[in-house]
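The values are calculated or read from the model by the stated rules, or taken from the named source; none is laboratory data. Bear in mind that the values here come from a model prediction, so they are computed numbers and not experimental data. No Cβ is skipped: glycine too gets one built from the backbone with ideal geometry, and neighbour counts run over all protein chains shown. For accessibility, only protein heavy atoms count, side chains too; no ligands or nucleic acids. Shrake-Rupley method; radii C 1.70, N 1.55, O 1.52, S 1.80 Å.
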Amino acid sequence: MFAAALAEYSGVAPEPFRDWNDAISAMFHAVRDRAVPVVIDEFPFLSKVSPGLPSIIQRELGPGGSGQESSARLLLCGSAMSAMGKLLSGQAPLRGRASLELVVQPFGYRAASRFWGIDDPQLAVQLHAIVGGTPAYRGDFVDDDTPQGIDDFDSWVARTVLSPRMPLFREARYLLAEESDIRDPALYHAVLAAIAAGNTANGQIASYIGRKADQLAHPLAVLEDCGLVAREPDLFRSNRYRYRIAEPLITFYAAIMRMRWSELERKRAALLWADSRRMFTSKVVGPHFEQLCREYSADVDESVFGAFPSEVGAGVVNDPQNRTQIEIDVVVLAAPADGPRGVLALGEVKWGEVMGVGHISRLVRARDLLAVKGWDTRAAKLACYSGAGFTDELLAAAAADDRILLIDLDQIYAPISTEV
C-alpha cells in the first residue's frame, strides 16, 4: 500500500519494497522539488509490528540520509496518546527530530454545541456530558442522529448511545483497548468506575476497588499518559490532588452502562435509561457542569473577575471551628506576585438546584477562613453558577452587591472573543 501510494504520486509503476529501509529512503528521494506532506496515520500500530521504523526515519533524517535533501514534510499521526508521546521522549530515536508536536484537542463546549446544531444550553450541557467535543461522534457513530430538542434527549440516548447496533455503544471500551500500555483492562475499568462514582482521591479510589493506594500509582499514571484521566491540584492544599475522567463518554459508560451491560445487550435501553436518569444527573451531569464552569471561568476576560484569571481549579478549605471542610467548586486565582496570592473568585456550582443566599453564606465563610490562612481575598468575588436559576432573595442581594456574581447557562454559553 505504501509503495502504491508513492507510485501514484511519482507516476512510476509500483514495485514492492523489500523492507522499510528501502521504503523510507524511496519516499524521501521521490519528493525533491516542492514541499509535500506525507502522512502516515495510526503510526503507533505500524511501529508496533515494525519496531525499527522510528530508527530508520531517524537515520534518513540524519547526516547523509535521504531526508537531508528532501522537501517531504513527514507527518506521523496516531490516536494512542501514550504511544505518540513516547516517540519524542527520553532516549527515543526521533527525539529532537520533530519541528512540530501537535495534540489535536476536542472541541470546546461552545464549539461542540454549534457543531451539533444545539442552541438550547440545557440540552447542550447534557449532550456534552456524554459525547464531549469529539467531532466523530456526531456522524457515523450515531448514524447522523441528533436530539431534536430537550424533549427528544431521553429518546436519543436510548436509540443511540445505549443501542447495541450503534458504534458509539462500545466506543468507551475501545478507547481503553487501543492503548498499548494497558495490560489489565479489568483493573483500569475498575479505577475509572471508582472515579465516575465520585472517588477522586488516590485513597478513595483504592478503597472503592479493594486495593492498596500504592498499587494504583502505575494504573493512574498510565491513564494520565493516555489522556483518559486528568490529575488536578487542590489549589488550597499543597500536595493534594484529585483525579477526573477527561473523556466524558468514559464517565457515562462507567456510571451508567458498565454494571448493566447485559441488560443493554438484551435491548432494554429505554427501561434502563428511565431507571438511570437520576444517577445520570448526579454522577455525570453535575460533575461535568462543574468542569464546564471552570472552563468558562478560565476563558473570561478581566471584566468578570476584575483581572485575568491566572489559574482555575477546585479546592478544599478546612473549617476547624465547625470540624468540617468546605469544597469550593470553582477557584479563580490571580497571577503570582509579591505578597499573598490573590483570590479573584470563589464559586459554587449547582446543576439542578435553584441557588439561594445560603450558598453565598457558605462562600463567605470560606473566604474568611482563607484570609486567616494568609490568602489575599480582599477583591474576591463570590460566584454562583446555576443550571436551574436563582431565588429572588439572591437576585436582590446580587443587585445590591457587585461582589456577588450570578452566572447562568446563557452566560456560560455566550460567545467569547478569545474562543477559536
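Kindly provide the set of residues from the range 114-131 that are assigned to a helix (DSSP H, G or I) and among the small types (Gly, Ala, Ser), ordered by number.
Hits for the range 114-131 are ALA124, ALA129.
Can you name the condition, by its number, that LEU102 falls short on among (1) open to solvent by 30 Å² or more (accessible area, probe 1.4 Å); (2) more than 30 Å from LEU292 (Cα to Cα); (3) modelled with pLDDT of 90 or more; (4) not in a helix (DSSP H, G or I)?
Result: LEU102 fails condition (2) only.
Does PRO340 satisfy the condition of being over 20 Å from TYR296 (Cα atoms), within 29 Å of the chain's Cα centre (by Cα) and surrounded by fewer than 20 Cβ atoms within 10 Å (Cβ to Cβ)?
Considered against the rule, which asks whether it is over 20 Å from TYR296 (Cα atoms), within 29 Å of the chain's Cα centre (by Cα) and surrounded by fewer than 20 Cβ atoms within 10 Å (Cβ to Cβ), PRO340 comes out as no.
Report whether or not GLY90 is out of contact with any helix residue (DSSP H, G or I) (no Cβ under 9 Å at 6 or more places or on another chain) and of a type outside the set (Ser, Thr, Tyr).
yes
Being closer than 30 Å to GLY139 by Cβ and either in contact (Cβ under 8 Å) with a residue 12 or more places away in the chain or among the polar types (S, T, N, Q) (or both) narrows it down to one residue among VAL31, VAL49, VAL38, VAL104; which is it?
On the way: VAL31 fails: closer than 30 Å to GLY139 by Cβ; VAL49 fails: either in contact (Cβ under 8 Å) with a residue 12 or more places away in the chain or among the polar types (S, T, N, Q) (or both); VAL104 fails: either in contact (Cβ under 8 Å) with a residue 12 or more places away in the chain or among the polar types (S, T, N, Q) (or both).
After ruling out the rest, the residue left standing is VAL38.
Just to be sure I understand, how many residues within the range 132-168 are charged (D, E, K, R), loosely packed, with under 13 Cβ neighbours inside 10 Å and in a loop (DSSP other than H, G, I, E, B)?
Within the range 132-168, residues that are charged (D, E, K, R), loosely packed, with under 13 Cβ neighbours inside 10 Å and in a loop (DSSP other than H, G, I, E, B) number 2.
Regarding ARG231, is this residue farther than 22 Å from ARG277 by Cα, under 19 Å from the mean Cα position of the chain (by Cα) and modelled with pLDDT of 95 or more? Walk me through how you get there before you give the answer.
Details: farther than 22 Å from ARG277 by Cα: yes; under 19 Å from the mean Cα position of the chain (by Cα): yes; modelled with pLDDT of 95 or more: yes.
So ARG231 passes the test.
Would you mind stating whether GLU263 is in a helix (DSSP H, G or I), under 26 Å from LEU369 (Cβ atoms) and of a type in the set (Asp, Glu)?
For GLU263, the condition - in a helix (DSSP H, G or I), under 26 Å from LEU369 (Cβ atoms) and of a type in the set (Asp, Glu) - is not met.
Between residues in the range 184-200 that are within 12 Å of ALA255 (Cα to Cα) and touching a residue at least 40 places away in the same chain (Cβ under 8 Å) and residues that are outside any loop (DSSP other than H, G, I, E, B) and among the hydroxyl-bearing types (Ser, Thr, Tyr), which pairs lie under 7 Å by C-beta distance while being six or more apart or on different chains?
ILE195/TYR243; ALA196/THR251; ALA197/TYR208
Within the group ARG240, ARG173, which residue is at pLDDT below 95, open to solvent by 50 Å² or more (accessible area, probe 1.4 Å) and in contact with a His (Cβ under 9 Å, 6 or more places away or on another chain)?
Checking each option against the conditions leaves just ARG173.
For the range 319-340, indicate whether the set of residues that are assigned to a helix (DSSP H, G or I) and among the basic types (Lys, Arg) is non-empty. First the steps, then the outcome.
Step one: of the range 319-340, the residues assigned to a helix (DSSP H, G or I) are none.
The answer is no, given that none of the residues of the range 319-340 is assigned to a helix (DSSP H, G or I) and among the basic types (Lys, Arg).
Considering only the range 156-178, state which residues are without any contact (Cβ under 8 Å) to a residue 40 or more places away in the chain and not aliphatic (A, V, I, L, M).
Scanning the range 156-178 gives TRP156, THR160, ARG165, PRO167, ARG170, TYR174.
Residues that are open to solvent by less than 10 Å² (accessible area, probe 1.4 Å): list the helices (runs of 4 or more DSSP H) wholly contained in the range 183-231 that include at least 3 such residues. Spell out how you get there, then give the answer.
Values: elements: 185-196, 202-209, 217-225.
Helices (runs of 4 or more DSSP H) meeting the threshold: 185-196, 217-225.
Taking the options VAL354, VAL372, name whichever one is open to solvent by 60 Å² or more (accessible area, probe 1.4 Å) and farther than 24 Å from ASN239 by Cβ.
Result of the check over VAL354, VAL372: VAL354.
Residue pairs, Cβ under 6 Å, 6 or more apart or interchain, first in the range 278-300 and in a helix (DSSP H, G or I), second of a type in the set (Asp, Glu) and buried (at least 19 other Cβ atoms within 10 Å of the Cβ). List them.
If the second residue must be of a type in the set (Asp, Glu) and buried (at least 19 other Cβ atoms within 10 Å of the Cβ), the pairs left are GLU290/ASP329.
Is it fair to say ARG378 is outside any loop (DSSP other than H, G, I, E, B), over 25 Å from the mean Cα position of the chain (by Cα) and of a type in the set (Lys, Arg)? Working first, answer last.
Numbers: outside any loop (DSSP other than H, G, I, E, B): no; over 25 Å from the mean Cα position of the chain (by Cα): yes; of a type in the set (Lys, Arg): yes.
No: the conditions fail for ARG378.
So is VAL284 touching a strand residue (DSSP E or B) at 6+ places or on another chain (Cβ under 8 Å) and buried (at least 21 other Cβ atoms within 10 Å of the Cβ) or not?
no
Please verify whether the range 210-222 includes one or more residues that are in contact (Cβ under 8 Å) with a residue 12 or more places away in the chain, within 30 Å of LEU333 (Cβ to Cβ) and in contact with a strand residue (DSSP E or B) (Cβ under 8 Å, 6 or more places away or on another chain).
Checked the range 210-222: at least one residue is in contact (Cβ under 8 Å) with a residue 12 or more places away in the chain, within 30 Å of LEU333 (Cβ to Cβ) and in contact with a strand residue (DSSP E or B) (Cβ under 8 Å, 6 or more places away or on another chain).
Among the residues of the range 259-267, is there at least one that is among the basic types (Lys, Arg), at negative phi, touching a residue at least 40 places away in the same chain (Cβ under 8 Å) and surrounded by fewer than 21 Cβ atoms within 10 Å (Cβ to Cβ)?
Among the residues of the range 259-267, not one is among the basic types (Lys, Arg), at negative phi, touching a residue at least 40 places away in the same chain (Cβ under 8 Å) and surrounded by fewer than 21 Cβ atoms within 10 Å (Cβ to Cβ), which makes the answer no.
I'd like to check something: does the range 376-384 contain any residue that is surrounded by 14 or more Cβ atoms within 10 Å (Cβ to Cβ), touching a helix residue (DSSP H, G or I) at 6+ places or on another chain (Cβ under 9 Å), free of Cβ contacts under 8 Å to residues at least 40 places away in the same chain and of a type in the set (A, V, I, L, M)?
yes
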